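Each remark here refers to the structure printed beneath this line.
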Amino acid sequence: MARPTSMAARRELGDELRRLRGARRAAEVAGELGWSESKLSRIETARTGISDPDLERLLRLLDPEGVDRSRLRDLAGRGRARVWWAPYRSSVAERYDEYVAFEAEAAAICEWEAQVVPGLLQTDEYAYAVIEVGADVQDPETVQRRTALRMARQKVLTREPPPRLCVVLDESALRREVGGRDVLRRQLERLVEASCRPDVELRVLPLSAGAHAALGEAFLIFEFADGRMPVVHSEDLVGGQLRTKDGDVQIYRDAFADLRSRALPVAASRELIARTGDGLR
């Protein structure tokens, strides 16, 4: 069995520590360790790793029986491993760690986008034009670093095996002149190329489709090969929200199925994208 990646290791360890805590209140356990409750919560929810000394103190307090402590130590060590996107962390919100980790681990990514081309399929100039108008962007250096990170993230599509990427894109995104006509034309050419890849399914939802289940919200769903429940990321102006509750995830899966059923077939979508791009010449 493959060893878990850094973020997967954090989640596995966090789930185990939360199970071991059982009915004991987090505030009580944290207080006995001299920690803040938020520190324990961040460890249990995989938002941060845990040092070896802190893990040992926590295990002594919980005093679990029949637990493979060496496995927990290994998970803690892997959870602290440096991730490839660490050099870009200063330019993005902390929650972005989880997003990039889920993206890197996903076996399939299903994405609905109503306004712009999805980040994994953007050209660098189109990405720059999207990022520079972000509400939380303060300076050109931040724009450059975020653009570089977005381009680096696209390497996930060339890993072995690549994730299955299924995108439903609103027709309006094909016509919104992000960065100007020439930038958009080159972006649409990139979409035509991407749509020919065997691991990419790209469908356009025509304006004539009318109202649908996801009006006003863009989202994507990460699916995993190891049996974990899917995770949903929904977009907003401050970086988005991750959703993991079974009921919430199912609502988004149903919405995506509705969008996909209303969208044009792959070949017709490719033709519409190419035709729209030709009209920009």
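Every number in this text was worked out from the coordinates using simple rules, so none of it is lab data. Everything numeric here is computed off the predicted structure, so don't read it as measured data. Don't worry about glycine lacking a Cβ; one is built from the backbone with ideal geometry, like all the others, and counts go over all protein chains shown.
Let me have the relative contact order for the chain, percent, based on Cα pairs under 8 Å that are six or more residues apart.
Averaging sequence separation for qualifying contacts and normalising by length gives 19 percent for the chain.
Say the dipole of the stretch 6-79 comes from +1 at the beta carbon of Lys and Arg and -1 at that of Asp and Glu; which of Leu20, Val67, Thr45 then lies farthest toward its positive end?
Among Leu20, Val67, Thr45, the one farthest towards the positive end of the dipole of the stretch 6-79 is Thr45.
Note down the net charge around Arg260, summing +1 for each Lys or Arg and -1 for each Asp or Glu among other residues with Cβ under 9 Å from its Cβ.
0
For the stretch 106-138 and the stretch 213-281, what is the centre-to-centre distance using only Cα atoms, to the nearest Å?
What the calculation gives is 13 Å, centre to centre.
Of all DSSP beta bridges located in the chain, what percent are antiparallel, nearest 5?
50 percent
Given Cβ point charges of +1 (Lys, Arg) and -1 (Asp, Glu) and nothing else, what value in debye, to the nearest 20, does the dipole of the chain about its Cα centre take?
420 debye
Could you pull the Cα extents of the chain along its three principal axes, largest to smallest, in whole Å?
Each principal axis gives a Cα extent; for the chain these are 68, 40, 33 Å.
Once the Cα atoms of helix 69-79 and of the chain are each reduced to a long axis, what angle between those two axes, in degrees from 0 to 90 to the nearest 10, is obtained?
40 degrees
With +1 assigned to the C-beta of every Lys and Arg and -1 to the C-beta of every Asp and Glu, and no other charges, what is the dipole magnitude of the stretch 1-148 about the Cα centre in debye, to the nearest 20?
Here the stretch 1-148 has a charge dipole of around 700 debye.
Give me Trp84, Trp35 ranked fewest to most by other Cβ atoms within 10 Å of their Cβ, as a rough exposure proxy.
Trp84, Trp35
If you place +1 on the Cβ of every Lys and Arg, -1 on the Cβ of every Asp and Glu, and leave all else neutral, what size is the dipole of the stretch 68-150 about its Cα centre, to the nearest 20 Debye?
Using only the charged Cβ atoms, the result is roughly 640 debye.
When the helices in the chain are scored as -39500 (n - 2.57) per DSSP H run of 4 or longer and the sum is shared across all residues, what 222 nm value do you end up with, to the nearest 500 deg cm²/dmol?
The helix-only estimate for the chain comes to -15000 deg cm²/dmol at 222 nm.
State log₁₀ I(q)/I(0) for the stretch 195-281 at q = 0.13, 0.16, 0.17, 0.22 Å⁻¹ as given by the Debye formula over alpha-carbon point scatterers of equal weight, solvent excluded.
-0.56, -0.80, -0.88, -1.17
Could you calculate, for the stretch 111-206, the ratio of the Cα radius of gyration to the Kirkwood radius, expressed as Rg to Rh?
Looking at the stretch 111-206, the ratio lands at 0.96.
For Cys166, Cys110, Cys196, which order do you get if you count the other beta carbons within 10 Å of each Cβ and list the fewest first?
Cys196, Cys166, Cys110
Which number do you get for Rg(Cα) / (2.2 N^0.38 Å) in the stretch 1-81?
That ratio works out to 1.01.
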